[in-house]
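The values are calculated or read from the model by the stated rules, or taken from the named source; none is laboratory data. Here the structure is a predicted model, which means the values were calculated and not measured. Every residue, glycine among them, receives a Cβ derived from its backbone with ideal geometry; neighbour counts consider all protein chains shown. Surface areas here come from the heavy atoms of the whole protein model, side chains and all, with no ligands, DNA or RNA. Shrake-Rupley method; radii C 1.70, N 1.55, O 1.52, S 1.80 Å.
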Amino acid sequence: MLLADLVSTSATVAATRSRTAKVTALADCLRRLGPGEVAAGVGFLTGRLRQGRVGVGWATMRGLARGPASSATLTVAEVDAAIDELARTTGPGSVAARAALLGRLFAEATAPEADFLFRLLGGELRQGALEGLMADAIGRAAEVPLGAVRRAHLLGGDLRDVAVAALEGGTTALGGIGLELGRPLQPMLAATAEDAVAALAATGPASVEWKLDGARLQVHRDGEDAAIFTRSLRDVTSQLPEVVDLARQLPGGRFVLDGEVIGVADDGRPHAFQDTMSRFGTEEAALIGAAGVGDGAAALQPWFFDCLHLGGEDLVDRPLKERRSALAEAAGRLVVPGVETSDPAVAAAFLSGAVESGHEGIVAKSLTSAYDAGRRGGAWRKVKPVHTFDLVVLAAEWGHGRRRGWLSNLHIGARDQAQGGFAMVGKTFKGLTDELLAYQTEVLQAIAVARDGIVVHVRPELVVEVAIDGVQASTRYPGGVTLRFARVRRYRPDKAADEADTIEGLRALLVRRPSSA
């Protein structure tokens with residue numbers, strides 16, 4: 001396939017709000033990819049190179065002369081091969097060699113292709129092809145059940161491999177993708193409940209557990225080999241040696257455990273989220289890697305709350321009650337505190353105890369539920385004393401007075417699953433410390449796409465946790481709701497924009513509490 005055709009698809013996806021139109025365009029593009037181009041094509045469309053980060057700096061690309069070529073001749077396969085060569089070119093003399101290689105590539109590109117490559121190689125390509133849309137497109141292009149695509153994706157992790165399997169081997173090949181030790185799977189997520197009563201009404205008999213305020217971790221162990229992955233499926237094994245040591249000491253010899261790691265003080269109480277995250281550095285928005293091990297920083301304490309594999313047996317389809325038994329066998333003393341109950345009073349008392357111990361709240365999990373990898377379903381319900389939502393920054397306004405020179409008032413949005421993209425739900429400048437103001441001023445200017453007076457519009461990729469008192473109906477915003485007394489709690493560099501909360505979740509608050517609207 002010509003790269004120009006893929007670039008045209010990318011532009012189409014970016015230009016429409018219709019989910020159906022996005023999926024149709026993506027599926028048509030996938031069908032036209034040639035043999036050996038599928039993994040690269042999916043990577044190009046989603047902005048995730050098959051080769052990973054290839055170390056191409058902005059300064060190098062800005063200095064390149066760009067044709068543009070008068071006609072489109074580059075193919076997806078040729079560009080993928082050039083990126084392979086870039087990734088292999090290291091060591092003495094590599095800077096000049098890489099610049100020469102890039103120069104040849106850009107010289108053969110048309111203007112739209114050069115712009116696409118500039119953003120793709122710089123890690124800044126965002127055109128709305130979220131993984132959910134691409135999974136739908138793969139199912140349509142390969143004419144296989146969407147459920148088979150989603151399950152293979154959630155268990156296999158890499159959508160590029162799933163696309164190759166679906167398009168080249170159909171349902172049979174997809175069925176061969178399963179849980180594999182050392183390969184992360186998408187984490188199961190929790191929906192929100194207003195209180196313990198509502199949580200248990202949704203789950204029935206449940207395991208009610210502490211909701212920790214830390215970083216999600218998935219730990220794989222096969223004998224002496226251990227691997228640790230973040231919620232974004234990045235491998236941070238080498239950066240968390242103390243967690244690796246603990247994993248090797250656990251009684252289970254072969255397992256996959258899901259859990260959380262938090263910073264703890266000398267008295268055992270958890271550190272605030274930002275203090276825990278000070279142990280971590282960020283290479284990119286979704287990457288969490290540990291820093292400061294052994295330098296006197298806060299100790300990290302892992303807690304595990306699910307067991308997905310034990311002793312050669314996959315457990316993702318088994319009920320939670322059975323997985324909890326396996327968890328006790330595999331994780332020993334590192335099982336997160338919890339209680340099994342169907343009594344809302346017991347759950348409410350456990351919630352009070354969790355908060356008094358310094359934790360965020362509780363998560364109630366249906367004892368009959370399977371591990372629904374990658375989904376935010378009703379089987380898990382999180383309860384916090386204050387409503388908090390992970391939303392996405394869409395724009396910010398330059399401040400005045402004491403905040404002059406800083407980007408201050410944030411325009412924030414929720415994920416719109418029906419229409420695609422993000423629906424604005426309000427603005428806020430409350431809760432912003434000087435530290436947060438300085439941080440967001442730097443980060444938001446780096447992802448700016450347009451300016452309108454004092455408003456700086458940005459790519460929707462920075463996730464911010466916002467506390468609210470509720471929502472109210474609104475005709476001002478397209479989502480139909482706006483936030484009540486929104487205040488910023490923190491930024492979430494460990495979350496991608498496609499993990500943000502949905503407009504449907506906010507509307508649910510309006511339905512449950514009509515008198516507060």
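This table checks each residue for (1) within 17 Å of Ser207 (Cβ to Cβ); (2) assigned to a strand (DSSP E or B); (3) within 27 Å of the chain's Cα centre (by Cα).
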position: Ala326; (1), (2), (3): yes, no, no
position: Gly332; (1), (2), (3): no, no, no
position: Val363; (1), (2), (3): yes, yes, yes
position: Ala370; (1), (2), (3): yes, no, yes
position: Val393; (1), (2), (3): no, yes, yes
position: Leu410; (1), (2), (3): no, yes, yes
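Taking segment 344-381, which residues are free of Cβ contacts under 8 Å to residues at least 60 places away in the same chain and acidic (Asp, Glu)?
Answer for segment 344-381, where residues must be free of Cβ contacts under 8 Å to residues at least 60 places away in the same chain and acidic (Asp, Glu): just Glu356.
Can you find, within segment 237-265, the residue that is farthest from Asp306 (Cα to Cα) among those that are assigned to a strand (DSSP E or B) and hydrophobic (A, V, I, L, M, F, W, C)? Walk me through it before giving the result.
First pass over segment 237-265, keeping only residues assigned to a strand (DSSP E or B): 254-264.
Keeping just the survivors that are hydrophobic (A, V, I, L, M, F, W, C) gives 255-257, 261-262, 264.
Numbers: Phe255: 11, Val256: 9, Leu257: 6, Val261: 14, Ile262: 16, Val264: 21 Å.
This residue is Val264.
List every residue pair whose Cβ atoms lie under 6 Å apart, where the two residues are 6 or more positions apart in sequence or sit on different chains, the first residue falls within segment 453-472 and is closer than 25 Å to Gly47 by Cα, and the second residue, located anywhere, is of a type in the set (S, T, N, Q) and in a strand (DSSP E or B).
As it stands, the answer is Glu465/Thr388, since those pairs meet every condition given.
Condition check: part of a helix (DSSP H, G or I), open to solvent by 20 Å² or more (accessible area, probe 1.4 Å) and free of Cβ contacts under 8 Å to residues at least 60 places away in the same chain. Does Ala69 satisfy that?
Values: part of a helix (DSSP H, G or I): no; open to solvent by 20 Å² or more (accessible area, probe 1.4 Å): yes; free of Cβ contacts under 8 Å to residues at least 60 places away in the same chain: yes.
In short, no.
Restricting to segment 223-236, and then to whatever is of a type in the set (D, E, K, R) and not in a loop (DSSP other than H, G, I, E, B), can you tell me which residue is most open to solvent (accessible area, probe 1.4 Å)? Let's see the steps before the verdict.
Residues of segment 223-236 of a type in the set (D, E, K, R): 224-225, 231, 234-235.
Filter again for not in a loop (DSSP other than H, G, I, E, B), leaving 225, 235.
On the way: Asp225: 111, Asp235: 88 Å².
Applying the filter and picking the extreme gives Asp225.
With a cut-off of at least 3 residues that are among the hydrophobic types (A, V, I, L, M, F, W, C), name the strands (runs of 3 or more DSSP E) lying wholly within segment 447-488.
Numbers: elements: 448-452, 455-458, 463-468, 470-473, 481-484.
Answer list for segment 447-488: 448-452, 455-458, 463-468.
Thr388 fails exactly one of the following numbered conditions: (1) open to solvent by 40 Å² or more (accessible area, probe 1.4 Å); (2) modelled with pLDDT under 95; (3) assigned to a strand (DSSP E or B). What is the number of that condition?
Single failed check for Thr388: (1).
Give the residues of segment 194-222 that are in contact with a Gly (Cβ under 8 Å, 6 or more places away or on another chain), open to solvent by less than 30 Å² (accessible area, probe 1.4 Å) and either farther than 30 Å from His387 by Cα or part of a loop (DSSP other than H, G, I, E, B) (or both), sorted by residue number.
Gly214, His220, Arg221
As an exercise: evaluate Ala191 against (1) part of a strand (DSSP E or B); (2) at pLDDT below 90; (3) more than 30 Å from Gly353 (Cα to Cα) and give the number of the one condition it does not meet.
Tallying (1) part of a strand (DSSP E or B); (2) at pLDDT below 90; (3) more than 30 Å from Gly353 (Cα to Cα), Ala191 fails exactly one: (3).
Pairs please, first residue from segment 222-240 and among the basic types (Lys, Arg), second anywhere and at pLDDT below 85 and open to solvent by less than 50 Å² (accessible area, probe 1.4 Å), Cβ atoms under 6 Å, 6+ apart in sequence or on different chains.
Within 6 Å, the pairs are Arg234/Leu287.
Quick check on Ala206: is it under 15 Å from Pro302 (Cα atoms) and either touching a residue at least 24 places away in the same chain (Cβ under 8 Å) or of a type in the set (Asp, Glu) (or both)?
So Ala206 fails the test.
Can you tell me which residue is modelled with the lowest pLDDT among those in segment 100-117 that are open to solvent by 30 Å² or more (accessible area, probe 1.4 Å) and either under 29 Å from Gln417 (Cα atoms) or under 32 Å from the mean Cα position of the chain (by Cα) (or both)? Steps first, please.
Taking segment 100-117 as the starting set, the residues that turn out to be open to solvent by 30 Å² or more (accessible area, probe 1.4 Å) are 100, 104, 107-108, 111-112, 115.
Subsequent filtering for residues that are either under 29 Å from Gln417 (Cα atoms) or under 32 Å from the mean Cα position of the chain (by Cα) (or both) retains 111-112, 115.
Values: Ala111: 90, Pro112: 92, Asp115: 87.
Among those residues, the one meeting the criterion is Asp115.
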